[in-house]
Amino acid sequence: MLPASVPASEVFYDASMRAVPADLSQAIEFDYKRAKVVLAILCIQYGNVRQLATHMGDYVTMCAADGFHNEARWPISLPETEVQERRRLFWGAYTIDVYSATTWGLVVRHREYQSNVLYPTEVYDDDEITETGIEPRPGPRKVSFLTGWNFTSDLYRILEHALDQLRMRAHFNDNSRVTALYADRAGPSVEEVLEVVDRLYDDLPAEFKFAKAMSGNIDEDRYGYQAADIIVTMQTVKMVMTGLSDTTTVEKRCNIAGGLLDALSTVPTAYIQGISSPILHHLAGVGHLLGGVIQSPISYVNYLHVRTVLLAMVQLLSQLESTLNAAQGIADKLRDHVSRIDQYMTAAAVESRRDQVYHRVMPPTAWNASPPSRPGHVYGGAMDDRVRNSNTHSPSQPSSVPAISPDAGVMGGQGGHSWQSTSSSSTMPAVPAAGAVPGAGHDFVLDDLLKFNFPAQTEPNEQVQLPDDLLIDWPFDMSEAFDFLGNNFPA
């Protein structure tokens, strides 16, 4: 924590804004480009997407003015130190540009095919970079953090092309001959892309596959930051490829979402705090991924899959609230939202049970549950009219959610969790007997109804359409963001 005497970052931000010429054609020095990229990164932390787009636009304008995208147009007399500096800036800005397009639906203004800039040389220490070239240190070679950094650039290059395919697919039905001309050209399959990603990841040094606890040694801690960045970027690639696949199931989406949650649970809190807002943006992508699932008609079994991951998100967000101010309150909102959907799904399940023949195997206590006394619940085995009419309301007291089983993961040294819910593997509790407190144990009523009445082996997965009022205040609705993951929610 900085002392109170240190000015807020906004003070430096405003001063930097004033230092950049209004006429960008006059901003020919390299430092102006670097300043614009740093300001764009700061806007990501602020959550100011409009200013982010403005700074990246200014940067691209300055790059276009002097051909920064092509090393052949750089000054011939540049020392090696400045060549490496420019390469790092170019590819760092490229990842920000693609990240912004992925996260907020902005336009990718850096095009890989239109660029001719090499990756930064993978040195362990910048002292190896001299004015005239690279002079590696004598002795055994240590792993350069730039190895992981360049791998992340590879992932963003894959993201750029995947986004192109998604946008092309979205315009395929515009009856344009030009669009059809290029849309018919098949690229690599989703499986081929993911196979390459996995192979590249397998080739990485071990330092980039697990984030160790922060030590205070900057050389070692850089590995941890890079490992955390790789974790979330890998999952982003998988989410985007999910949007490309024609055969993605709910289970696959849940596995991708759960994979990110499991991976984040292994990242020490210090790195989460250092990365800050982008972690929440990735979690928002997971929320949007799952939100797209529940917006469409969903079976009871698939809802349980989604619900398990959502509750794992609740637990992870609860842990992050003490670290990230922007995470405050999201966990409670999500927990309440799951509870409200539970009410609707429970009511729909009981109504469906009423309509079925009585010889179906079912727990005998299911019809003896005490009638709840609040809106949106089951009255004597039938759905309340207000639920029928899709006017679901929040319960007067929040329902509890099942615990997430502890795992051997690490979250700031306090132990992590797995996204697998205990309800998916343990025996379900019985439905409350008559006289039980109304609404108590709502979650195991839901799980009991779904497990016993809709066995996948003998029954089709009946679909339930959630009403709009359970979608309009979804905690992770980001409008145009992550639009490749599914339709946006109703306004």
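The values are calculated or read from the model by the stated rules, or taken from the named source; none is laboratory data. All values derive from a computational prediction rather than experimental measurement. Glycine also receives a Cβ, built like all others from the backbone with ideal geometry; neighbour counts cover every protein chain displayed.
Numerical summary
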| read-out | value |
| --- | --- |
| Total residues in the range 40-60, condition crowded, with 20+ Cβ neighbours inside 10 Å and β-branched (V, I, T) | 1 |
| Only listed residue being surrounded by 12 or more Cβ atoms within 10 Å (Cβ to Cβ), modelled with pLDDT under 90, among the aliphatic types (A, V, I, L, M) and not in a helix (DSSP H, G or I), chosen from L163, L204, L106 | L106 |
| Index of the failed condition, V143 passing every other in (1) over 23 Å from K238 (Cβ atoms); (2) in the same structural domain as N48 (by TED's automatic domain parsing) | (2) |
| Residues satisfying the stated conditions in the range 20-51, i.e. modelled with pLDDT under 95, part of a helix (DSSP H, G or I) and more than 26 Å from W104 (Cα to Cα) | S25, Q26 |
| Matching residues, the range 129-146, being surrounded by 15 or more Cβ atoms within 10 Å (Cβ to Cβ) and farther than 29 Å from D66 by Cα | V143, S144, F145 |
| Cβ-Cβ under 7 Å pairs, at least 6 apart or on other chains, the range 189-209 side more than 20 Å from A228 (Cα to Cα), far side outside any helix (DSSP H, G or I) | V190/S245 |
